[in-house]
Amino acid sequence: MTTSPQDAPSGRSDAADRLIAANEPLAGLQRACGGEIPGDIAIPALRELVGKARKFGLKLARAIKATDGRDTISAWIEVAPDSDGCAIRIVSWSTSQLAPEDPHEVAAHRAAIERTLAELTATLDARQCVLSVTATAADLSELQQAMAQGLHRPWTDFVQIEGAVHEQPMHWRLLDGAAIKVAGSSRNWRAALLPSDRPGSDPVGFDLCLTADSPLPEPEPKPSPAHSSSIMPSNEPGLVGRDIAPVLRQPIARIIANAETIRNRMAGPLAEEYSQYAADIAAAGQHLLALVEDLTDLEVVEAEEFNTAPDRIDLADVARRASGILGVRAQERGITIDAPRHGETLPAIAEFRRVLQILLNLVGNAIRYAPDNSQVWIRLEDAGVRARLIVADQGPGLDDAQQSKVFEKFERLGRSGEDGGSGLGLYISRRLARAMGGDLEIESAMGQGARFILDLPADLLASAPTTAQDPD
């Protein structure tokens with residue numbers, strides 16, 4: 001629908017940029033965007049135009065776009081400032097039906113928000129049994145420890161589901177969004193179950209995210225002792241991990257979540273340019289949060305007393321889990337992750353969570369720098385007393401000079417801040433590999449992709465490993 005200039009409605013704002021009068025359809029759009037009359041201008045593009053006209057004392061005209069939740073609106077608006085505010089004249093006004101939302105895109109955005117806000121995340125199998133768990137809040141330490149000690153049990157064994165009156169297994173859709181109570185925490189929690197779907201079949205696993213209804217209260221400040229030891233206990237966080245990171249994580253996470261909410265118009269209609277601004281804010285927040293985590297890890301691995309907790313693990317299993325975690329990110333760019341098949345094994349002696357951390361970094365880098373619609377391979381290699389895992393991509397590759405620098409601290413090989421990364425991931429990964437009695441190396445050539453090789457002590461007491469042949 002398009003109105004002619006003769007039918008054009010008008011409105012008026014005051015000196016504080018409040019819409020004090022408006023005819024239809026401007027009045028309807030103001031209300032659809034959550035505003036009132038009189039009230040602050042709720043249409044972002046119109047508010048910006050009115051603010052500029054009043055600030056500079058100039059008559060301005062511009063095409064603006066907005067949405068009322070049903071239709072996309074395009075209008076040509078003239079704003080003329082005077083001593084009392086601005087006169088608003090709409091020269092033309094047209095509407096077109098809003099394109100239907102892609103359910104897959106909506107689900108992906110919802111998952112990103114849930115993961116960002118979560119203070120505990122756990123990887124679950126198809127039966128909702130815990131495979132791994134990570135928590136950032138102090139009042140979840142008891143739950144995290146219980147889950148870590150009770151792997152392969154249903155996550156519902158460790159929490160209290162509000163309103164649940166039976167002990168039979170519940171379908172995951174009934175648990176998604178459920179209110180729960182956590183032992184050791186006075187806060188109220190909400191569970192989100194994010195399925196790992198495979199087309200034409202039931203979910204093959206889930207990500208469990210626990211989000212609180214309120215932030216953790218700030219602890220009472222403690223007086224600094226007159227003398228403190230300069231020795232950091234093994235694997236204990238230092239200044240960044242102990243004092244700085246906990247203070248930064250939650251506010252940064254909430255900035256990201258709020259920006260994603262704005263970006264996806266979950267809080268109401270918004271012009272496309274403002275949605276893009278919100279996307280930029282969310283991306284910057286994700287980069288900052290990743291930097292905080294990297295600095296925390298850096299502080300730990302560089303401590304003189306740092307050590308790992310070696311255990312008997314299956315590198316093939318860790319590789320499949322890393323592939324599953326990063327599968328959605330790869331699919332967004334049409335990249336296929338060729339991980340070890342079920343039934344393949346490669347026993348090793350290492351710390352499970354540290355090996356998973358290394359693989360998430362290696363596979364994440366491969367996805368980030370490989371071309372769209374390409375492939376990333378994860379291969380196993382039995383080398384007698386050594387167990388090797390290789391991550392290969394079809395990216396641009398690295399020359400000899402770049403290979404000599406790639407494991408250095410803060411080395412990003414000239415990449416801009418727009419493509420993510422702090423330049424610490426590979427440095428930390430190699431430190432972790434060497435702390436576990438292994439190593440991390442690279443083989444590459446310009447135009448031929450890169451192969452990162454993780455070498456760890458083999459578990460010689462385990463059964464003989466099985467591997468698949470490399471592709472031709």
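Structure notes:
- Residue check, Ala458 closer than 15 Å to Ala383 by Cα and either at pLDDT 90 or above or crowded, with 16+ Cβ neighbours inside 10 Å (or both): yes
- Residue that is under 17 Å from Ser132 (Cβ atoms) and not assigned by TED's automatic domain parsing to the domain that holds Leu208, where the choices are Ser323, Ser374: Ser323
- Residue list for the range 436-455, filter: at pLDDT below 90 and not polar (S, T, N, Q): Ala445, Met446, Gly447, Gly449
- Residue in the range 168-179 that is part of a strand (DSSP E or B) and under 25 Å from the mean Cα position of the chain (by Cα) present: yes
- When restricted to residues that are in contact (Cβ under 8 Å) with a residue 60 or more places away in the chain, over 13 Å from Lys52 (Cβ atoms) and part of a strand (DSSP E or B), the range 72-87 contains 2.
- Search result, residues across the range 94-110 that are loosely packed, with under 13 Cβ neighbours inside 10 Å, modelled with pLDDT of 70 or more and among the small types (Gly, Ala, Ser): Ser96
- In the range 1-14, the qualifying residues are those that are modelled with pLDDT under 90 and either polar (S, T, N, Q) or part of a loop (DSSP other than H, G, I, E, B) (or both), and the one that is farthest from Tyr274 (Cα to Cα) is Gln6.
- Lone unmet requirement of (1) closer than 30 Å to Ala45 by Cα; (2) touching a Leu at 6+ places or on another chain (Cβ under 6 Å) for Leu315: (1)
The values are calculated or read from the model by the stated rules, or taken from the named source; none is laboratory data. Note that this is a predicted model, so its numbers are computed, not measured. So basically every Cβ, Gly included, is an ideal-geometry build from the backbone, and we count neighbours across all protein chains shown.
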